[in-house]
Every structure is written in C-alpha cells, then in structure tokens.
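One structure is given below, encoded as structure tokens.
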Amino acid sequence: MGATSKPAGADRTLPAGAENRGLEMTPVMRVRTGALVASLVLLAGVAIGHGWSGTSFVVFAYWLALCLAGEVLWVRLPLGSATISMASCFNFAALLVLTRAEAMGITAAATLAAELAIMRKPPLRAAFNAAQTALAVWCAWWAFRLAGGAVHTPAALLSSLHLVPFLAAAALYYLVNRTAVTLAIASSTGLGFLEAWRRNFGGGYDALAAGAVLSLGAMLATLYSAVGMAGALFVVLPLAIAGDGIRRRSQSAVEAEKAEGDQRAA
C-alpha cells in the first residue's frame, strides 16, 4: 500500500498541488517538489542500474503482473490527492525472494506503468512514486538480509519462527514509504511534515492495516519458495478483502477532511 507507495500497501503519491487547502503551489513549492522528485529518481536509477544482471522473462513477467494487479486496488488518502495501493503486498513478497536489483526494477516498472496507464497521473508524480517504491524496496531488502533473512528461505524462516528479518524489513518498508509520501505532500502543500503525516497516517489504524497487507506479502513469499508461482492464488482474495476495508476507512477520512475544510472556508 505500494503510501503504490500506500497505508496498507504500496502507498504513495506526489500531490498535484495544495488543492486540499484551496491554494495553488507557489514557485518555491514547485522548485522544492521538483528537486525532491529528481533526487529520488536519480538515487533509485543508480541503485537499480548497479547490480542489475538481468532475470528470466517468466520470473520478470510473473512479478510484474502481480505488482500491476496490486496497483489496480488503489485508495485515495485524505490529504494532497495522495493514493495508496495494495501493491505493497506484492512489492514486499518480491523483495523477500528476488535479488535487490530485480525487486527494485520490477516494482518500479509496475508502479510507473500503473500510474501512467491506469491512474493517468502526470509523469512527474508517476516518476516520484516509482522511485520512492524502489527505494522502499531497496531499504527493506537490506534490512531483511542484515537481520538474518539471507540464511534460509522464507518458508524455513517462518517454520522456525525466525520472525525478526520479516519484522525489520516490514518496518523499514513502511517508514521509508510513508516518509517519502509525507515529504512530497509537505513540500507541495506547505504543511509541516508532522502535520501532513498526522492528517494522512495519524493514529494506529494505518500501521495496523499496512502490517496486514505486508504480512500477506510475507505469506506469498513463503508460498512462492515452497510451491512456486501458484502460491499467489491463496493471497488474492484476502488482499482484495483487506483493500476494500482500507478503502472504506479512507473514504470516511476523505469525507471528514473535506467537511473540515468546508467548515473552515465558511
């Protein structure tokens, strides 16, 4: 919740402007936001290029299709025209079983394609979301392996209740994703970082929902390492149900934010 991202799931966005506050982006905001996007895209591009040695077409197509499917399940956040998606489930699974460059490249490609072709977002926003997704995957990939996840397959780790690598990777993925989204919102709306975080991700529900989606990603990685590609069949329905619950909750928050804004304007 890809903050493609998204809270629960690949999560993400680059705000189109300060429309939630009834304001236009100032030149300073535009420069600041453009610099943030350029920095993340450059960093993600260098990280993907360094270490990419190619992958089989079947593996690439399988994970790309899953990540794209997750991007279809997107949810709008209350502030800054931000959106999140259930792609975080598949992004997380990919980083647990693929090489760093493979996971980063596939998740970035899926995010970029979905944002441009499905959600019809501006190229700048799509590039930002692809880059921040790849960087969240990068950080979580290293966290998983530094915490001992490289020693065994995900199935072996879970069977022995060695959960620290999963928890470390999930925590870092969530923090990097939400931080990037919040920085973009704060940069383009003029809000403070903490206020932007509070209004989109405040309270415990977002972390709980993200944990549920990422745990489905861990389950998919476990099934993939045990039974292969068919493992995705056991994740799709629970993910769709989780996405519907998150959408309903987020819709209520969006309506509350709009009502508060109308009240302030009056």
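Below, the figures for the structure above:
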quantity: Enumeration of residues in the stretch 42-72 that are buried (at least 24 other Cβ atoms within 10 Å of the Cβ) and under 30 Å from Lys258 (Cβ atoms); calculated: Gly70, Glu71
quantity: 1 or more residues within 21 Å of Leu135 (Cα to Cα): qualifying helices (runs of 4 or more DSSP H) within the stretch 152-266; calculated: 164-189, 193-201, 205-227
quantity: Hits in the stretch 70-90 - residues which are under 17 Å from Lys121 (Cα atoms) and part of a helix (DSSP H, G or I); calculated: Gly70, Glu71, Val72, Ala87
quantity: Pick from the stretch 190-211, criterion modelled with pLDDT of 90 or more and small (Gly, Ala, Ser), ranking: farthest from Arg76 (Cα to Cα); calculated: Gly211
quantity: Residue match in the stretch 221-228 (condition: touching a helix residue (DSSP H, G or I) at 6+ places or on another chain (Cβ under 8 Å) and either among the polar types (S, T, N, Q) or farther than 29 Å from Ala94 by Cα (or both)); calculated: yes
quantity: Residue among Ala65, Ala93, Ala103, Ala108 that alone is outside any strand (DSSP E or B), in contact with a Gly (Cβ under 6 Å, 6 or more places away or on another chain) and under 22 Å from Met229 (Cα atoms); calculated: Ala93
quantity: Where a residue in the stretch 249-266 is small (Gly, Ala, Ser) and its partner, wherever it lies, is modelled with pLDDT of 70 or more, with Cβ under 8 Å and at least six apart; calculated: Ser250/Val75; Ser250/Arg76; Ser250/Leu77; Ser250/Pro78; Ser250/Ile84; Ala253/Leu77; Ala253/Pro78; Ala256/Pro78
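Listed here are the residues, each with its yes/no results for (1) surrounded by 16 or more Cβ atoms within 10 Å (Cβ to Cβ); (2) farther than 26 Å from Val37 by Cβ; (3) at pLDDT below 85; (4) among the charged types (D, E, K, R).
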{"site": "Ser188", "(1), (2), (3), (4)": "yes, no, yes, no"}
{"site": "Val213", "(1), (2), (3), (4)": "yes, no, no, no"}
{"site": "Ala226", "(1), (2), (3), (4)": "no, yes, no, no"}
{"site": "Asp244", "(1), (2), (3), (4)": "no, yes, no, yes"}
{"site": "Ser250", "(1), (2), (3), (4)": "yes, no, yes, no"}
{"site": "Asp262", "(1), (2), (3), (4)": "no, yes, yes, yes"}
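The values are calculated or read from the model by the stated rules, or taken from the named source; none is laboratory data. Bear in mind that the values here come from a model prediction, so they are computed numbers and not experimental data. A quick note on method: Cβ atoms are made from the backbone with ideal geometry, for glycine too, and the neighbour counts reach across all protein chains shown.
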